[in-house]
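Note sheet for the following structure.
The values are calculated or read from the model by the stated rules, or taken from the named source; none is laboratory data. All of these numbers come straight from a predicted model, not from anything done at the bench. Reconstructed Cβ throughout: ideal geometry from the backbone, glycine too, with neighbour counts over all protein chains shown. In case anyone asks, the SASA skips ligands and DNA or RNA and just uses the protein heavy atoms, side chains included. Shrake-Rupley method; radii C 1.70, N 1.55, O 1.52, S 1.80 Å.
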Amino acid sequence: IKGTILGYKPEMKLKGHLNYRNMLSGNNEDIPFSVAEDGTFSIKTVLDHPTNANITSTMFSAKICLKPEGIASVEINLPEITRAASKLLQNKPSLGKGYLFEGSYASINNGYANLSDKLPSISPTTQQEFMQQVKEIATMNASQYKNYWLTRRDDAISKIKQVPSISPSFQEVAEESINLTTAMQLISHPIESYYRYINHISQDSVLKDYT
């Protein structure tokens, strides 16, 4: 990802993170990045599959889709993001789109990023949410795990249909993304791994009294 932040000032010394879940390894990836004085930044990572991710800092946050070996560029309109987040300025005229993507998955990302505060997510978006999910899943059996993700999927799709001003085409993309994330979670099946983590049991040891 290559980015440029409009309205950036060197004294902001902005830093951020790219967060995503590798569905093949089960790892939750966290890649830090720093913004240069001219407002540009670059993030590099290796992906095993198309991936839903979150790009965040103290001044902006957006959901995006990443493509293996793909390159995405984004222009982040910080004045508009600040205006939209301010209770005092929300009624002022818009300063344009908060995010403008080009490159890999540009059309999807332009929808995702500019609706990120309105779209539900079935995956954790913070470390705190992720650890809470780990604790919950660690106590489940296979059937409970399946029902857990199917329920989260159904709830998220129901909420997507209620988002105002969402286009039918992007609604379809958003729903398919939720379905894909659900399928990846069901395939990953990390119950035993999470059980070991929560109970401080080595991943390569033999489990006793575990079903």
Seminar exercise, completed: Here the qualifying pairs (Cβ atoms under 9 Å; residues six or more apart or on different chains; first in the range 159-182 and at positive phi and exposed (fewer than 15 other Cβ atoms within 10 Å of the Cβ); second modelled with pLDDT under 80 and among the aliphatic types (A, V, I, L, M)) come out as S165/L115
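One line per residue, one yes/no per condition, for (1) touching an Asp or Glu at 6+ places or on another chain (Cβ under 7 Å); (2) modelled with pLDDT of 90 or more; (3) of a type in the set (K, R):
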| site | (1), (2), (3) |
| --- | --- |
| A62 | no, no, no |
| A72 | no, yes, no |
| L95 | yes, no, no |
| I122 | no, no, no |
For this session: Under 7 Å between Cβ atoms, at least 6 apart or on separate chains: pull out the pairs that start in the range 186-201 with a residue that is over 10 Å from T139 (Cβ atoms) and end on any residue that is open to solvent by 50 Å² or more (accessible area, probe 1.4 Å) and part of a helix (DSSP H, G or I).
Result: L186/K146
For this session: Output the qualifying pairs, or none if there are none: Cβ atoms under 6 angstrom, residues six or more apart or on different chains, first residue in the range 94-114 and on the phi < 0 side of the Ramachandran plot, second residue assigned to a loop (DSSP other than H, G, I, E, B) and open to solvent by less than 40 Å² (accessible area, probe 1.4 Å).
Result: S104/G70; N114/G98
Seminar exercise, completed: How many residues of the range 41-51 are open to solvent by 60 Å² or more (accessible area, probe 1.4 Å) and either among the basic types (K, R) or not in a loop (DSSP other than H, G, I, E, B) (or both)? The answer is 2
Exercise. Can you name the number of the only condition in (1) in a loop (DSSP other than H, G, I, E, B); (2) buried (at least 16 other Cβ atoms within 10 Å of the Cβ); (3) touching a residue at least 60 places away in the same chain (Cβ under 8 Å) that G26 fails?
Worked result: (2)
Seminar exercise, completed: D38 vs (1) closer than 18 Å to Y99 by Cα; (2) acidic (D, E); (3) in a helix (DSSP H, G or I): all pass except (3)
For this session: Could you look through the range 87-112, keep only residues that are more than 14 Å from S177 (Cα to Cα) and among the aliphatic types (A, V, I, L, M), and pick out the one that is least open to solvent (accessible area, probe 1.4 Å)?
Result: A106
Exercise. Listed residues E37, E11; which is farther than 24 Å from I122 by Cα, more than 17 Å from the chain's Cα centre (by Cα), open to solvent by 40 Å² or more (accessible area, probe 1.4 Å) and touching a residue at least 24 places away in the same chain (Cβ under 8 Å)?
Worked result: E37
